[in-house]
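Since the structure comes first, as structure tokens, the remarks are kept for the end.
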Amino acid sequence: MGKGVTRERITALDPERRFAYEGVEIPQMADYRAAVELHGLPGGGTRIHWHGTYRARRGMRWFFQWYLRRFMQAMATGLAEHAAALPAPPVGAD
């Protein structure tokens, strides 16, 4: 979604529930760790909780707070749109 290139490493994977990762090479940022957690809602649907922590270079904190909020919202929206386009699982399937 952006012009920058980063490298990240998967640190946890619980299919259909949780995906966690950390930054390996992210310019201007250190100690980046994030997770995407999916929670089924009563009556159907899924709540997506995408959150993370990081340290930004001095003077860049305000920018990353603004940018990452927009970027992660766009990623979560894309994830939700993709999931909505998938065929429904058979009734009774886990």
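The values are calculated or read from the model by the stated rules, or taken from the named source; none is laboratory data. Quick caveat, the model's predicted, so the values are computed rather than measured. Cβ placement follows ideal geometry from the backbone for every residue including glycine, while neighbour counts extend to all protein chains displayed. To get the accessible areas, we keep the full protein, side chains included, count just its heavy atoms, and leave off ligands, DNA and RNA. Shrake-Rupley method; radii C 1.70, N 1.55, O 1.52, S 1.80 Å.
Taking the Cα atoms of the chain, what is the range of coordinates along each of the three principal axes, in descending order and whole Å?
Cα extents, longest axis first: 52, 23, 23 Å.
Looking at PHE19, HIS39, MET60, which one has the Cα that reaches farthest to the positive end of the dipole of the chain (charges on Cβ: Lys, Arg +1; Asp, Glu -1)?
After comparing all options, I get MET60.
Going highest first, how would you order 27-36, 6-15 by mean Cβ packing within 10 Å?
Details: 27-36: 14.4, 6-15: 10.3.
Descending packing order for the listed peptides: 27-36, 6-15.
Leaving out ligands, DNA and RNA, what percent of the accessible area of the chain is carbon and sulfur, probe 1.4 Å? Each step should come with its number before you reach the end.
Details: 4230 of 7570 Å².
Here it works out to 56 percent.
Place a +1 charge on the Cβ of each Lys and Arg in the chain and a -1 charge on the Cβ of each Asp and Glu, then give the dipole magnitude about the Cα centre in debye, rounded to the nearest 20. Walk me through the intermediate numbers first.
Values: 13 positive and 9 negative charges, 131 e Å.
So the dipole magnitude of the chain works out to roughly 620 debye.
Each label point is 7 Å from the Cα along the Cα-to-Cβ direction; what then is the distance between the points at ARG61 and GLN73, in nm?
In this crude spin-label approximation the distance works out to 2.2 nm.
Using packing as a proxy for protection, rank 64-70, 79-85 so that the peptide with the highest average count of other Cβ atoms within 10 Å comes first. Mind dumping the intermediate values first?
Numbers: 64-70: 12.6, 79-85: 10.7.
Result, highest mean first: 64-70, 79-85.
Counting only heavy atoms of the protein chains, get the accessible area per residue of the chain (1.4 Å probe) and round it to a whole Å² value. Working shown, then result.
Numbers: 7570 Å² over 94 residues.
It amounts to 81 Å² per residue over the chain.
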